[in-house]
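A quick write-up on the structure given underneath.
The values are calculated or read from the model by the stated rules, or taken from the named source; none is laboratory data. These numbers were taken from a predicted model, which means no experiment stands behind them. FYI the Cβ positions are ideal-geometry reconstructions off the backbone, even for glycines, and counts take in every protein chain you see. What goes into the accessible areas is simple: the full protein's heavy atoms, side chains included, and nothing from ligands, DNA or RNA. Shrake-Rupley method; radii C 1.70, N 1.55, O 1.52, S 1.80 Å.
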Amino acid sequence: QVQLVESGGGSVQPGGSLRLSCAASGFTFEDYYLSWYRQAPGKEREWVGHISPSGDSIDYADSVKGRFTISKDNGKTTLYLQMISLRPEDTAVYYCSAWISPRRYWGRGTQVTVSS
């Protein structure tokens, strides 16, 4: 069965950094686009970015471009989100996701809180 398990969230001060991980299992990790999303309190879930199966193509939302970096380790079947220069508006639950026909799969999420 498909499983996506996020970790690495926590509380940091503005300007701080965090690296999130998403451990995946139950599917052929290297064959699918993998994405990060986030949802802040009172807001819609927002696409953060994604990485292609080969890792050659990575795209980001404008709100995080230049500050967040997506990578993956196919051997470890783990997706990463490196976040630097964090801002209070980055506070959200962060989810990893994979589209595996016929539906999108989600992890349970990990909380990131940026506050002073």
Review point. Looking at ASP90, is it crowded, with 18+ Cβ neighbours inside 10 Å and of a type in the set (D, E, K, R)?
Key: yes
Exercise for review: For residues that are in contact (Cβ under 8 Å) with a residue 12 or more places away in the chain and hydroxyl-bearing (Ser, Thr, Tyr), scanning just region 26-48, find the one that is least open to solvent (accessible area, probe 1.4 Å).
Suggested key: SER35
Point to revise | Tally, over region 17-58, of residues that are farther than 23 Å from THR91 by Cβ and assigned to a loop (DSSP other than H, G, I, E, B) | key: 11
Revision key, fill the gap. Residue hits (region 58-98; farther than 17 Å from LYS43 by Cα, over 12 Å from the mean Cα position of the chain (by Cα) and of a type in the set (Gly, Ala, Ser)) are GLY66, GLY75, SER85
Review point. With respect to ILE84, is the statement that it is closer than 19 Å to GLY8 by Cβ, free of Cβ contacts under 8 Å to residues at least 40 places away in the same chain and either of a type outside the set (Gly, Ala, Ser) or open to solvent by 60 Å² or more (accessible area, probe 1.4 Å) (or both) true?
Key: no
Point to revise | Scan of region 54-81 for residues that are closer than 23 Å to SER115 by Cβ and either hydroxyl-bearing (Ser, Thr, Tyr) or open to solvent by less than 60 Å² (accessible area, probe 1.4 Å) (or both), ordered by number | key: ALA61, SER63, VAL64, ARG67, PHE68, THR69, LEU81
Revision key, fill the gap. Taking region 93-116 and keeping residues in contact (Cβ under 8 Å) with a residue 12 or more places away in the chain, among the hydroxyl-bearing types (Ser, Thr, Tyr) and open to solvent by 70 Å² or more (accessible area, probe 1.4 Å) leaves SER116
